[in-house]
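The block underneath contains the structure these notes are about, expressed in C-alpha cells.
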Amino acid sequence: MQRSIIIGRPTITFDTIDSTNDYATSLVSNSNPNEGTVIWAHYQSKGRGQIGSNWSAEAGQSLLMSVILQPRFLMAYQQFTLNILASLAVRSALNSFGIQAQIKWPNDIYVGKRKICGILIQNILQGKSIKNTVIGIGLNVNQNDFDQSLPNPTSMKMMSEKTYNVANVKSSVCEHLQDYYLRLKEDGFEVLKKEYLDLLYLKDQESHYEVEKNKIKGKIIGISDLGKLQMEVEGEVREFNFRELRYLHK
C-alpha cells in the first residue's frame, strides 16, 4: 500500500508571528484544519519553550514550525508517545544532513553536550483519547550568535561549518515526521520506544544531576510507558517527572 504524504500539505507561512504553536492551537480550536497542516514562521516574537520558557531565534536563521496532528488512535495516557515520535523524527532529519544527534529526555535534541533543537507538544484530549496534537519545533539552523543566558546552544551551521536552506530543512523534518507517524500507526509504541532509548543522551552512563536542590549521581536506565525517566541511584531505581530533575554538566 502506498503511503500518502500529508505532513506539510498545506503549509501556512508567516514572515513574523507571535508563536506558531499559539496560532496552531487557535486554528484547531476555531476550525477543522487538515491533519498534517504546518505553521511555519521566519521569526517568532513570542516563541515558546517548555513550561512557560521562551524560545528565541534570529529572523530567518532557524526552523520555527508547528505541526497539527490527529492521533486519535492514541489514548490520553499514551501522550509521551508523541514526544518519542517528534524526537526521533528531528534526530533522523539531522542525520540526513550528516549531523549526529541524540535525544535528551524528554524531547530536546543534542549534538554532543549542546542543544540544537527544542520541541513543545500540546495535546487536546477528548474523553480518554487524544483528539488533536500540536508539535512545535525550534531547530537552530544557521544561527551563530545566541542569547548569553542560554547555557549550551548550537546550530547545524556551527556543527558542520555549512550554511543550509531552511526550507529544505523544513521539508526533511516533515518527511521524517510523516515516516515516524506512519510507523507509529503500523508498528506501535514499543518499536519506537526501543529506538528512542537507543538514542537517549547519557543512557547507561554515570552522571551528575540535581533533585530538589540536592546533587545526586545516577545512571539513566530507561523510561516508563508514561514517560517518566527511570534512573538507578545508589542501587535503587527511581522515576522522575519532567522538571523534577536537572542535568549538571561539567
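Only Cα pairs under 8 Å and at least 6 apart count here; give the relative contact order of the chain as a rounded whole percent. Kindly include the intermediate steps, with their values, before the conclusion.
Details: 492 pairs, mean separation 41.9, N = 250.
With pairs under 8 Å counted, the relative contact order is 17 percent.
For the peptides 158-168, 75-85, what is the packing order when you average, over each peptide's residues, the other Cβ atoms within 10 Å and list the highest mean first?
Ranked from most to least packed, the peptides come out as 75-85, 158-168.
As a check on your grasp of the helix formula, calculate [θ] at 222 nm for the chain: sum -39500 (n - 2.57) over DSSP H runs of n ≥ 4, divide by the residue count, round to the nearest 500.
Counting only the DSSP helices, I get -8000 deg cm²/dmol.
Beyond a 24 Å Cα-Cα separation, which of these cross-linked pairs lie in this structure: K157/K194; K185/K228; K115/K203; K128/K228; K162/K203; K104/K128?
On the way: K157/K194 30 Å; K185/K228 22 Å; K115/K203 17 Å; K128/K228 20 Å; K162/K203 30 Å; K104/K128 28 Å.
Pairs exceeding the cut-off: K157/K194; K162/K203; K104/K128.
What list of ³J(HN,Hα) couplings, whole Hz, do you get for region 177-192 from phi and the Karplus terms 6.51, -1.76, 1.60, once you set θ to phi - 60° and write x for glycine and proline?
4, 4, 4, 6, 5, 5, 5, 4, 5, 8, 9, x, 5, 4, 5, 5
What residues qualify as long-range amide H neighbours of T11, i.e. H under 5 Å apart, gap of 5 or more or another chain, H built at 1.01 Å from N?
Those qualifying (amide H under 5 Å, at least 5 residues apart or on another chain) are V38.
Name the long-range amide H neighbours of W105: under 5 Å, sequence gap of 5 or more, or other chain; modelled H, no Pro or chain starts.
Here the answer is Y201, since their amide H atoms fall under 5 Å of that of W105.
Tell me which residues come under 5 Å, amide H to amide H, from K131 once H is placed; ignore anything under 5 positions away on its chain.
Residues meeting the criterion, in which the H sits 1.01 Å from N, are I124, L125, Q126.
Hey, what did region 206-248 get for relative contact order, percent, Cα under 8 Å, at least 6 apart? Walk me through the numbers before you get to the answer.
On the way: 72 pairs, mean separation 16.2, N = 43.
Relative CO of region 206-248 lands at 38 percent.
Using θ = phi - 60° and the Karplus curve 6.51 cos²θ - 1.76 cosθ + 1.60, what whole-Hz ³J(HN,Hα) does each residue of region 73-85 get, with Gly and Pro shown as x?
Taking θ as phi minus 60°, the curve returns 7, 9, 7, 4, 6, 9, 4, 5, 3, 6, 4, 4, 3 Hz for region 73-85.
Could you give each residue of region 135-152 its phi-based ³J(HN,Hα) in whole Hz, using Karplus coefficients 6.51, -1.76, 1.60 with θ = phi - 60°, and x for Gly or Pro?
Result, rounded to whole Hz: 9, x, 10, x, 10, 6, 9, 10, 6, 10, 10, 10, 3, 5, 6, 7, x, 7.
Only the coordinates and a few stated rules stand behind these numbers; no lab work does. None of these values were measured; they are calculated from a predicted model. Backbone-built Cβ (ideal geometry, glycine too); neighbour counts: all protein chains shown.
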